[in-house]
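We did not get these values from a lab; they are worked out from the coordinates using the rules stated. What you see is a predicted model; the values in this text were computed from it and never measured. Here the Cβ is made from the backbone with ideal geometry for all residues, glycine too, and neighbour counts use every protein chain on show.
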Amino acid sequence: MARMHASARYRAFQMTKTSAGNFFEDYRVGQIIDHAVPRTLTEAERAVYTSLYPCRHALQSSDEFARQCGLRRAPLDDLIVFHTVFGKTVPDVSLNAVANLGYADGRFLAPVWPGDTLTAISEVIGLKQNSSGKSGIVWVRTTGRNQHGEDIVRYVRWVMVKKRDQTTPVPQTVVPDLPTAVPASELMLDHGLTFAGYDDRLAGETHRWDDYKIGEHIDHIDGITLTDPEHMMATRLWQNTAKVHFDINVRPDGLRLIYGGHIISLARALSFNGLANAQSILAINAGTHSNPSVAGDTIYAGTTILDKARLDEPTAGALRVRLIAAKSPVTSDKLKSDDGKYLSDIVLDLDLWVAIPV
Amino acid sequence: MARMHASARYRAFQMTKTSAGNFFEDYRVGQIIDHAVPRTLTEAERAVYTSLYPCRHALQSSDEFARQCGLRRAPLDDLIVFHTVFGKTVPDVSLNAVANLGYADGRFLAPVWPGDTLTAISEVIGLKQNSSGKSGIVWVRTTGRNQHGEDIVRYVRWVMVKKRDQTTPVPQTVVPDLPTAVPASELMLDHGLTFAGYDDRLAGETHRWDDYKIGEHIDHIDGITLTDPEHMMATRLWQNTAKVHFDINVRPDGLRLIYGGHIISLARALSFNGLANAQSILAINAGTHSNPSVAGDTIYAGTTILDKARLDEPTAGALRVRLIAAKSPVTSDKLKSDDGKYLSDIVLDLDLWVAIPV
Amino acid sequence: MARMHASARYRAFQMTKTSAGNFFEDYRVGQIIDHAVPRTLTEAERAVYTSLYPCRHALQSSDEFARQCGLRRAPLDDLIVFHTVFGKTVPDVSLNAVANLGYADGRFLAPVWPGDTLTAISEVIGLKQNSSGKSGIVWVRTTGRNQHGEDIVRYVRWVMVKKRDQTTPVPQTVVPDLPTAVPASELMLDHGLTFAGYDDRLAGETHRWDDYKIGEHIDHIDGITLTDPEHMMATRLWQNTAKVHFDINVRPDGLRLIYGGHIISLARALSFNGLANAQSILAINAGTHSNPSVAGDTIYAGTTILDKARLDEPTAGALRVRLIAAKSPVTSDKLKSDDGKYLSDIVLDLDLWVAIPV
């Protein structure tokens, strides 16, 4: 199948030079989308990120700590990488999205260093029109690459996208077969990373891989009340242009919807208190933005340990964690009501593999 | 004429060590003002800038893209340079300004790289006391320089400045002769910049110089609702200290007036959607902040193509564009009412030359 | 006495992996606390800082200006260093603080350059239980170090900390003997710093050491109205996690208390107007956060010259200044009512030594 360049699509709208984004009928399974605007990331994105989230994981905070762990310097936070790549896909994938439905099979493949330039490419891997005929679900597998052409992150997400014209034919339904979780055997620790000389004292906590039990629940205690300027700055930092985050005239309620990634970063940063040694994210197994957030909400986080695995590197283990963000303290792992729907204060249900010293 | 150093003027106010700024009668045609506080700019100013505006032009976003275009790395955004130089002039030129009336003959002369240090100098080139006797118009030509003493930007602006004492003599009126637009033959493309290997796909759109017609109008669609913290951060980033942007006690309505440059940057960034390939600003031909903006306003942008020209570099052309920012979508190029006054929702009328691949 | 690692204390709370911070009875005189999470600082922290405060001191603004003054480049602002070190101590010292009572004997010992990594260590030097039995005062001497193990800042602060259990024994009272001010003979100018080639014009004012008289009062004129996003970003920039700054549910009034350091930085930056040549802070002799601040308050600054001293470097002098921040213009040095209490609009009373060209 020929590649559909963003540029080619834009030409279709001859009435204007601006892009109205893609609609459901613009996607075909197998289609490759090259996303626009490469981005060079530096220590500066880290500094802005640190001002926006209470991040303290030592591996990304300190070049010296990273060197002690075998790296040449502090890599950029995994979520800086994820958001940057995600942001590139928004104009092509989710500008007309009704909802960002989920993530799966997300893998961090290599570290990103200050000075690296990232690009993103997506393949459409699934399509399913809704019974209403007004919209459909689009699955894409997105890959982020650095300037050397190395893949640095890859993940699947699916979104519900409006149809431009309800009379266009219904495409054949293709629902991709997605793993519940990335197999532990496929997790990739940053090349050279070792926790042999790891200093718990500098990292902030003594709890290591052995100290966490499957089923254990951690309430991360701290909360942060959201404001509009902060989430807009964060969203723009990733060159994510979805209107609904910036323009009070887009929604009938006059509120700016907060980018789901803002909540992910907040929850990850808040999880330091209790998971300070979970130094990097290895995989995003699954993720759901279960309810929207707006300015004025106060976000808290909690974690349940779902699974444990050893890694090839003998000093490192992996924890599979369910990271929850909610509008009230996360004191239990009950997230849904009896009818299977998320409780109204649960805003994020994220399933991750994280790396931690053994 | 002897130079008037900022420092010399301050000595005049013996009652206090602080500066109350200059008044209309402090200016003389021919006077040279050396503005204080040199500033080193880095990738970090770009990152903060990216968090404040939805900027995505590839030449400034990616070192790799810039290298493909013949530059050694991504230069700093032209407006980062403009605002930095402008900010230096505020304590000497516009601290007692009643209004920032206009810009003309603005030229970007050389790229600014991360690590460069900028200084600014102005010459008073015009004076005209108002008939009220309470204020007058001051024209200055400001030049920004890098650490090698190279001029990197030059522009004229004029402001209405209060008189300290209405009884001081009226100066001879000198109104400078300013060009309507910078002649296309004098536009300076960054040394070495070429679009020979230009990648539309990475840049985000396929529309090039040939695709734009004189008289064509582009509605850039997206809007951003303004907040106080964001415009204050932006204004401080340029070390611009005009009180009216920061202190709710300055204006009778208790509102913080938004720095006009904030609107310029917002409009330029919003113009990506429809002018993604207009990679750099070559000239500011004219500019008017036609109405004030405050937090809560939502800003939209539109462009009319005024003129086209080829440049010495055969792969690059120039578009003369009228970039409008307004508090409602810019769906027409009618900006003024029948009596010649700007419509109340038009906040910026900016006339630029931009460079775009042929 | 054995060192009490942060990590060791955390183990004590077996019910949870998260830290509830230390209480009064957890401290012993002589105890050493190694604070967690080293931090690499770069030009990016300076850029974010510049966006948050109206800072214009030339030595930190320009690499070229700093080279003219004998340094290899612009050092990071002294307060960036102070806040970073302070932030590291919060989880161990002030998470359960009822009040941050004061600072003394603060010394800036060496410059911090972009790229340096800072760690912090504290020694408990005083304890005094309050008569209520519910809390006590803890004095700590904190030292910040760079990656070479060099001490770069050292200061004493004391806080009132809650007791976990009122029935625990009252510790022996130890009140440290603290100097009213750092002796001028012990002030440390950055190695190599000279004002021999100092350019007043670039610095912004002509007032030098000789121009300031003991007892002189300077009203710094400008005011800045505080917002929640800005103080939260500032506080997080230093990885300071005290709940009360971020979560509207912590205080009964639903307000976010502003980190005292935010006010310190604001006052220092505002003091440029009248003290532009006070290029660096040599010592924090004393400091009191006399009243809380919240979003919506407008902060002004004023300075009284307390003392003057010459330094070993013949081109540099020191001014001892009382830097006041208040919710109204600081037009007098009357800070307290007749009963000795701070007036309600005075928020900061800070006693500094600053370096200024002779």
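Each other copy places its own label point for C:ARG73 at 1.0, 1.0 nm from this one, sorted shortest first, where the point lies 7 Å along the Cα-to-beta carbon line. Karplus-based coupling profile of segment C:306-311, in residue order and whole Hz: 9, 6, 9, 8, 8, 10, with θ = phi - 60° in 6.51 cos²θ - 1.76 cosθ + 1.60 and x standing for Gly or Pro.
Of the cross-linked pairs C:LYS243/C:LYS336; A:LYS308/A:LYS334; B:LYS134/B:LYS243, those separated by over 24 Å at the C-alpha level are C:LYS243/C:LYS336. For chain C, averaging the sequence separation of C-alpha pairs within contact (under 8 Å, six or more residues apart) and dividing by the residue count gives a relative contact order of 19 percent.
The mean of 1/r over all distinct Cα pairs in segment A:258-358, once inverted, gives the Kirkwood hydrodynamic radius of 14.0 Å. The string of couplings for segment B:147-164 from the Karplus curve (6.51, -1.76, 1.60, θ = phi - 60°) is 5, 8, x, 7, 6, 10, 7, 8, 7, 9, 9, 9, 9, 8, 10, 5, 8, 6 Hz, one whole number per residue in order, with x for Gly and Pro. The alpha carbon gyration tensor of segment A:280-338 gives principal lengths a ≥ b ≥ c with a/c of 1.5 or higher and a/b greater than b/c, which makes the shape prolate.
Each copy carries a label point for A:PRO176 at 7 Å from Cα toward Cβ; from one copy, the others' points are 5.8, 5.8 nm away, ordered from shortest.
Proximity of backbone amide H atoms, modeled 1.01 Å from N, is registered between A:VAL153 and A:LEU109, A:GLY144 at under 5 Å, excluding neighbours fewer than 5 places apart on the same chain.
Taking amide hydrogens as placed 1.01 Å from N in the peptide plane, the amide H of C:LEU282 sits under 5 Å from those of C:TRP353, C:VAL354, C:ALA355, each at least 5 positions away in sequence or on another chain. Plainly put, segment C:54-196 has a radius of gyration that is 1.07 times its Kirkwood radius, both from alpha-carbon atoms, as the Rg/Rh ratio. Contact order for segment C:50-168, expressed relative to its length and based on alpha carbon pairs under 8 Å spaced 6+ residues apart, stands at 25 percent. A simple spin-label model places pseudo-atoms 7 Å from Cα toward Cβ; at A:GLU216 and B:LYS213 they are separated by 6.9 nm. Only Lys, Arg, Asp and Glu carry charge here, each on its Cβ (+1 for the first two, -1 for the last two); on that basis segment A:225-358 has a dipole of about 80 debye about its Cα centre. A Gaussian network model of chain B, with springs between Cα atoms under 10 Å, assigns the largest mean-square fluctuation among B:GLN239, B:GLN166, B:GLN129 to B:GLN166. Calculated mean residue ellipticity at 222 nm for the protein assembly as shown: -5000 deg cm²/dmol, from DSSP H runs with n ≥ 4 weighted as -39500 (n - 2.57), summed, divided by the residue count and rounded to 500.
Label-point spacing for A:GLY115 across the identical copies (point 7 Å from Cα in the Cβ direction), in nm and ascending order: 1.1, 1.1.
Ranking C:PRO38, C:ALA66, C:ILE281 by how far each Cα lies toward the positive end of the dipole of chain C (charges on Cβ) leaves C:PRO38 at the top. Put a plus charge on the Cβ of each Lys and Arg, a minus charge on the Cβ of each Asp and Glu, and nothing anywhere else: the dipole of segment A:283-358 about its Cα centre is then about 80 debye. Taking one quarter of the surface of the convex hull spanned by the alpha-carbon atoms of chain C gives a direction-averaged projected area of 18.1 nm². Which one of A:TRP158, A:ALA267, A:ASN130 is farthest out on the positive end of the charge dipole of chain A, using unit charges on Cβ (Lys, Arg +1; Asp, Glu -1) and the Cα centre as origin? Result: A:ASN130, furthest along the dipole toward the positive end. With just the Cα atoms defining each centre, how far is segment B:304-358 from segment A:53-102? Give it in Å. Taking the Cα centre of each part, segment B:304-358 and segment A:53-102 sit 37 Å apart. Charges were assigned to the Cβ only: +1 to each Lys and Arg, -1 to each Asp and Glu. The resulting dipole of chain C about its Cα centre is roughly 1240 debye. Please find the FRET efficiency linking A:GLN172 to A:LYS134, where r is the Cβ-Cβ separation and R0 is fixed at 22 Å, and quote it to the nearest 0.05. My answer for the efficiency is 0.75.
Legend: calculated FRET efficiency, B:VAL244 to B:VAL358, from the Cβ-Cβ distance at R0 = 41 Å, rounded to 0.05, equals 0.40. For segment B:136-274, the alpha-carbon radius of gyration amounts to 1.43 times the rule-of-thumb value 2.2 N^0.38 Å expected for a compact globular protein. Across segment B:116-132, computed HN-Hα scalar couplings (Karplus, 6.51 cos²θ - 1.76 cosθ + 1.60, θ = phi - 60°) run 6, 10, 10, 10, 9, 9, 10, 10, 6, 10, x, 8, 8, 6, 6, 5, 5 Hz from first to last residue, x flagging Gly and Pro.
Using alpha carbons only, what's the Rg to Rh ratio of the protein assembly as shown with Rh from Kirkwood?
0.96
The residues packed around C:TRP209, meaning those with a beta-carbon under 9 Å from its beta-carbon, carry a net charge of +1 if Lys and Arg are +1 and Asp and Glu are -1.
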